[in-house]
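To keep things clear, I will list the structure first and then write my remarks on it.
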Amino acid sequence: MKNKTVYFCSECGNETPKWSGQCSACGAWNTIVEQVEKAGKSAKKSAIRNAVKACPITDIDTSDEIRFPTGMGELDRVLGGGAVKGSLVLVGGAPGIGKSTLMLQICKQLGKFAKVLYVSGEESAHQLKLRAQRLEVDSSQLYVLSETCLGNILECVDREKPDVLIIDSIQTLYNEELDSPAGGVGQVKDCTMSLMQLAKGQGVTVFVIGHVNKEGSIAGPKVLEHMVDCVLYFEGDQHMTYRILRAAKNRFGATNEIGVFEMMDRGLKEVENPSEMLLSGRPEDAPGTCVTCVMEGARPVLAEVQALIAPTGGSNPRRTSNGFDYHRAAMLLAVLEKRGNLKLSQCDAYLNIIGGLTLDEPAADLAAIVAIASSYLDKPVPGNMAAIGEVGLSGEIRSISHLEQRLSEVQRLGFTQCMIPANKSKDIKPLPNLELLPVQNVAQALQLMVRGKC
Ligand code: TYD
Ligand code: MG
């Protein structure tokens, strides 16, 4: 049999029969890489096939699905209540965001009850020790190995029999049986598959670090998403101290929880109260900012929406949005122009969400409208006011879910006024020290602002 050449997108893993400059699946440029598939794999497959046997679901014992805490409450929350024994968790993120730090830090707690093997293809054992010292990780149950060859790693796992295996990072690993270079789609997929077999076969819990890189020169975690049990992304601005851990996939729990961390000089610190952190340093009585409350999983989190509206210099006004859906921002600007009579089509508009948060919930619409109008009118929104509600195309303010929970978070953080959708205001129990400002439409919200009610 002849070897077959196929082409993969290193961003999304889409397979095509021929090379092209742009991936037809995800639209990324210059990410298609060539891969030679070795012939002769089918003989091995048919040998495995004879041994397969299905069994009734009632006979399967689930009493051994053991979850264990990682020692980082925020990580446990994102994992759905701790790590599951024998699962493979992929931790993705841009280089330098803190993936190695997070993984090394959890070794502190894991080392108390489990044997951990930390394999680094990026740092030497000596460098790992220095980092561990800085993070105050000092467990005799933590073993380190600086290695990139998959065969050697699997051999070491066989010998040491760890309960938890950490791989830093998947892109440095290579299987010597394949000709392609480390970091390519084929290598990354093959190594992950072997690690997956290790996790399922021997019950080792595996954490795999994967770099996300925009240029597509190495295969990213997207290629592996479908193979692994759990995909976590570590996000945040490298220059800011907050980091947000988000689950993109979780076979053992929900994916809507986030974990918030802060990068300190001695590693990552958990932020149990994200609202306070996201609102710290907020300018008081400055135009163009408004606080809203979004649900991150089961947790309400306050976020600050900032807008800057300035007269446009050219014929085409500039529109930028950061952390807020661009198309939704454009829609809100159009609603304000039409229903609020603000001449926004002659203005540049910039929308920004503080703290690296991404708001993908319509509940943030009203705060965006208030922030935009406040910047346009140059009239500050009082520092003690928040706004929650979805905005429809006719300018109506629509109700949103979990309003009571959001309001109690707003009140807990010391806000005394909150704009809410009018049709929900009657169902809400009054909260002490929080005045509700029901609004029916955009025009009413603007009137409240202009009249100085809020
Ligand atoms: P790292 O975990 O090496 O990132 P990754 O593995 O995702 O590439 O984190 C590197 C960054 O974190 C680096 O810019 C320095 C910073 N850092 C701290 O600020 N404090 C610390 O205690 C550590 C270990 C790292
Ligand atoms: Mg690293």
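The values are calculated or read from the model by the stated rules, or taken from the named source; none is laboratory data. Bear in mind the structure is a predicted one, so any value in this text is a computation, not a measurement. Every residue, glycine among them, receives a Cβ derived from its backbone with ideal geometry; neighbour counts consider all protein chains shown. The area values use the complete protein model at the heavy-atom level, side chains included, leaving out ligands, DNA and RNA. Shrake-Rupley method; radii C 1.70, N 1.55, O 1.52, S 1.80 Å.
Can you pull out the residues in region 294-325 that are of a type in the set (A, V, I, L, M) and part of a strand (DSSP E or B)?
V294, M295, V301, L302, A303, V305, A307, L308, I309, A310
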> Picking from A83, A43, A39, A47, which residue would you name as being open to solvent by less than 80 Å² (accessible area, probe 1.4 Å) and at pLDDT 85 or above?
Replying inline: A83
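Could you please let me know if R266 is out of contact with any strand residue (DSSP E or B) (no Cβ under 7 Å at 6 or more places or on another chain) and among the basic types (K, R)?
Working: out of contact with any strand residue (DSSP E or B) (no Cβ under 7 Å at 6 or more places or on another chain): yes; among the basic types (K, R): yes.
Against the criterion (out of contact with any strand residue (DSSP E or B) (no Cβ under 7 Å at 6 or more places or on another chain) and among the basic types (K, R)), R266 qualifies.
Considering only residues that are out of contact with any Ser or Thr (no Cβ under 8 Å at 6 or more places or on another chain) and over 13 Å from S399 (Cβ atoms), look in region 420-440 and name the one that is surrounded by the most Cβ atoms within 10 Å (Cβ to Cβ). Reasoning before the result, please.
First, pick out the residues of region 420-440 that are out of contact with any Ser or Thr (no Cβ under 8 Å at 6 or more places or on another chain): 420, 422, 425-430, 432, 437, 439-440.
Going one step further and asking which of them are over 13 Å from S399 (Cβ atoms), we end up with 429-430, 432, 437.
On the way: K429: 7, P430: 8, P432: 5, L437: 18.
Filtering region 420-440 for residues that are out of contact with any Ser or Thr (no Cβ under 8 Å at 6 or more places or on another chain) and over 13 Å from S399 (Cβ atoms), the one surrounded by the most Cβ atoms within 10 Å (Cβ to Cβ) comes out as L437.
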> Taking region 267-295, which residues are in contact with a helix residue (DSSP H, G or I) (Cβ under 8 Å, 6 or more places away or on another chain), open to solvent by 20 Å² or more (accessible area, probe 1.4 Å) and within 16 Å of ligand 1 (Cβ to nearest atom)?
Replying inline: E270
> Going by the structure shown, is M264 within 16 Å of ligand 1 (Cβ to nearest atom), under 22 Å from I354 (Cα atoms) and modelled with pLDDT of 80 or more?
Replying inline: yes
> Within region 54-76, is even one residue touching a Ser or Thr at 6+ places or on another chain (Cβ under 9 Å), open to solvent by less than 50 Å² (accessible area, probe 1.4 Å) and either more than 24 Å from Y143 (Cα to Cα) or assigned to a loop (DSSP other than H, G, I, E, B) (or both)?
Replying inline: no
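From R251, R243, R339, which residue is outside the structural domain of R134 (by TED's automatic domain parsing) and among the basic types (K, R)?
Working: R251 fails: outside the structural domain of R134 (by TED's automatic domain parsing); R243 fails: outside the structural domain of R134 (by TED's automatic domain parsing).
So the residue among R251, R243, R339 that is outside the structural domain of R134 (by TED's automatic domain parsing) and among the basic types (K, R) is R339.
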> Which members of region 99-136 meet the condition of being in a loop (DSSP other than H, G, I, E, B) and either more than 15 Å from ligand 2 (Cβ to nearest atom) or open to solvent by less than 10 Å² (accessible area, probe 1.4 Å) (or both)?
Replying inline: G111, K112, F113, A114, K115, E136
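Per-residue answers, yes or no, for (1) in contact with a helix residue (DSSP H, G or I) (Cβ under 7 Å, 6 or more places away or on another chain); (2) assigned to a strand (DSSP E or B); (3) closer than 14 Å to S321 by Cα:
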site: S345; (1), (2), (3): yes, no, no
site: Y350; (1), (2), (3): no, yes, yes
site: D365; (1), (2), (3): yes, no, yes
site: A368; (1), (2), (3): yes, no, yes
site: A371; (1), (2), (3): no, no, yes
site: S374; (1), (2), (3): yes, no, no
site: P380; (1), (2), (3): yes, no, no
site: G383; (1), (2), (3): no, no, no
site: A386; (1), (2), (3): yes, yes, no
